[in-house]
Every structure is written in structure tokens, then in C-alpha cells.
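Structure record follows, encoded as C-alpha cells.
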Amino acid sequence: MTGDTGSPLIVFADAAKSYGGIPALLPAAVSVQRGEFAAIIGTSGCGKTTFLKLCNGLILPDSGSVTVAGQDTKTANLIALRRSIGYVIQTTGLFPHMTVAQNIAYIPRLTQKLSRSAAAALTEELLHTVGLSADYAKRYPCELSGGQMQRVGIARALASRPRLLLMDEPFSAVDEITRRKLQQEIKRIWREWNLTILFVTHDIREALKLASRVLVMDKGAIVQDAPPEIIKTQPGTAFVRELISDLSLEL
């Protein structure tokens with residue numbers, strides 16, 4: 001990603017989005033600094049995924065603007081912008097007819113014309129990064145567990161060396177033990193790669209455990225935006241108080 005390292009990476013300037021006349025995101029004025037791990041938390045239908053999709057131009061705001069690395073998504077080359085952003089979804093989206101190696105190196109080989117040997121080296125490096133051995137390179141998605149597929153999905157998202165990683169409920173479909181391991185891995189990767197991460201979740205414990213900043217959404221609005229400790233100790237609305245009401249503070 002390009003741009004002044006002292007400026008926010010993402011800026012929402014009164015950005016709003018509706019579907020069929022029904023607001024999904026009310027006018028939002030918020031910015032995300034480089035290096036932040038921001039969790040977006042709320043109930044289903046509150047606007048979390050809409051917020052995320054606005055960040056890479058999968059959808060455009062009806063009013064206001066969204067700027068990413070100095071580029072307004074309404075006027076930016078969205079293909080080039082998306083290639084500079086990693087995107088991880090709940091279902092991984094792996095190509096079933098491709099091996100793990102082919103999945104991971106797909107975009108770099110397409111855009112950077114990597115040689116076969118360079119692609120193999122990249123795949124091995126990224127498998128190591130997400131905690132998998134090089135032996136997985138020749139496997140197909142159907143041969144992997146849910147947790148392994150999510151690791152490969154993260155590796156693929158990192159293959160273009162993004163500075164911004166968008167994650168849409170990436171761990172919600174795996175068992176609790178695997179989920180904890182994946183949480184540890186993504187926090188380690190965030191630190192080691194100096195990434196900016198936007199992480200959508202419906203699990204307040206996950207948000208408070210992982211993020212350096214938590215954006216709580218309710219009915220299309222950001223109702224509190226604060227570090228985890230503030231969310232836990234100074235909930236800003238009745239909705240946030242209810243969200244944390246059954247929490248143990250030892251997260």
C-alpha cells in the first residue's frame with residue numbers, strides 16, 4: 001500500500017450505505033491508523049460486513065466517501081486496490097480444483113508473473129508463517145481440516161504482501177480448540193508483519209482478546225469505538241453493557 005505513513009490508512013468521511021432503501025450503515029466518520037488491529041463487533045445485520053466491504057470497494061458508499069491509502073474508492077482503480085489488500089472470509093473461498101500451493105500463489109503468479117521456483121519458495125514461506133509444514137503444498141482443500149483450510153486462506157491473503165488485512169468472521173466455523181490456536185496465530189502474524197487488520201466478529205470475547213481497538217456496531221451505527229479495556233470497564237451504551245454483561249474479565 002502506498003501513502004504517507006503518518007496519515008490514516010482508512011478514512012470514512014460520513015460514509016453511508018443502504019440496500020433497497022433500508023440503511024445498512026448510517027453516516028460514519030472514522031479512521032483506522034496503520035498498524036492497528038481493529039475488531040468490528042455486533043449482532044447479525046448490524047452493518048459489520050458492509051463496513052468491511054466498503055474498505056476494498058466491493059461496495060461503494062451511497063453518500064460520503066471511503067479513502068484507503070489516500071485513494072477514494074469511488075475513483076480508484078479497484079482491481080489494483082484489492083490486489084494490495086488481503087481478504088479472509090469464513091468459508092476460505094479456496095479453489096477446490098487447485099492444490100494448496102496453487103491456491104496460495106495464484107494472485108502473485110497472475111500479477112507478478114512469478115516463476116515456478118519463486119512460487120514454490122513463496123508457498124513454503126507462507127505455509128511456515130501460518131504454522132503448516134511444506135508437505136501441505138501438494139494437498140487439495142478437500143484433504144484439509146477446517147482449521148487447516150483457514151490457515152491456507154490466511155496464507156493466500158498474505159501472498160501479495162498486503163499492509164491491510166480484512167477478515168470477515170474467519171474463525172466462526174471451526175471448533176473452539178482450533179479457534180484459539182488460529183487466534184494466537186493471527187495475533188502473532190499481525191505483530192511480525194506489522195499489518196493493519198480489520199476483523200469482523202460476532203464474539204465479544206474474541207474481539208476483546210485480539211484487538212487493539214474495538215468498534216461496536218448496532219443497527220448500522222458505530223455506538224462505541226475504544227480500546228478493549230475501555231469497552232470492558234466503561235461501556236458507552238445500554239447495548240454495549242448488554243454485550244459484555246456475561247463476560248469474565250479474565251480474557
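Details
- Count of the stretch 14-34 residues which are without any contact (Cβ under 8 Å) to a residue 12 or more places away in the chain and not β-branched (Val, Ile, Thr): 3
- The residue list Leu132, Leu126, Leu144 contains one member that is open to solvent by less than 10 Å² (accessible area, probe 1.4 Å) and not polar (S, T, N, Q), which is Leu126.
- Candidate set from the stretch 189-208 (those that are closer than 28 Å to Gln234 by Cα and charged (D, E, K, R)); member that is least open to solvent (accessible area, probe 1.4 Å): Glu206
- Check on Pro96, open to solvent by 60 Å² or more (accessible area, probe 1.4 Å) and in contact (Cβ under 8 Å) with a residue 12 or more places away in the chain: yes
- Scan of the stretch 231-250 for residues that are under 25 Å from Leu26 (Cβ atoms), in a helix (DSSP H, G or I) and open to solvent by 60 Å² or more (accessible area, probe 1.4 Å), ordered by number: Ala238, Arg241, Glu242
- Of the residues Arg139, Arg161, the single one that is under 13 Å from Ile104 (Cα atoms), modelled with pLDDT of 95 or more and not small (Gly, Ala, Ser) is Arg139.
- The listed residue being under 17 Å from Ile154 (Cβ atoms) and small (Gly, Ala, Ser), out of Ala105, Ala80, Ala118: Ala105
- Selection count, the stretch 187-200, where residues are under 10 Å from the mean Cα position of the chain (by Cα) and either over 16 Å from Val32 (Cα atoms) or aromatic (Phe, Trp, Tyr) (or both): 1
- Tally of residues being open to solvent by 50 Å² or more (accessible area, probe 1.4 Å) and in contact with a Leu (Cβ under 7 Å, 6 or more places away or on another chain) across the stretch 209-225: 3
- Residue selected from the stretch 49-70 under the condition in a loop (DSSP other than H, G, I, E, B) and open to solvent by 20 Å² or more (accessible area, probe 1.4 Å), by the criterion farthest from Pro162 (Cα to Cα): Asp62
- Residue that is farthest from Arg213 (Cα to Cα) [pool: residues in the stretch 16-48 that are in a strand (DSSP E or B) and not aliphatic (A, V, I, L, M)]: Tyr19
The values are calculated or read from the model by the stated rules, or taken from the named source; none is laboratory data. What you are looking at is a predicted structure, and each value in this text was computed from that prediction instead of being measured. Every residue, glycine among them, receives a Cβ derived from its backbone with ideal geometry; neighbour counts consider all protein chains shown. Each accessible area value is taken on the protein alone, full model and side chains, heavy atoms only, with ligands, DNA and RNA left out. Shrake-Rupley method; radii C 1.70, N 1.55, O 1.52, S 1.80 Å.
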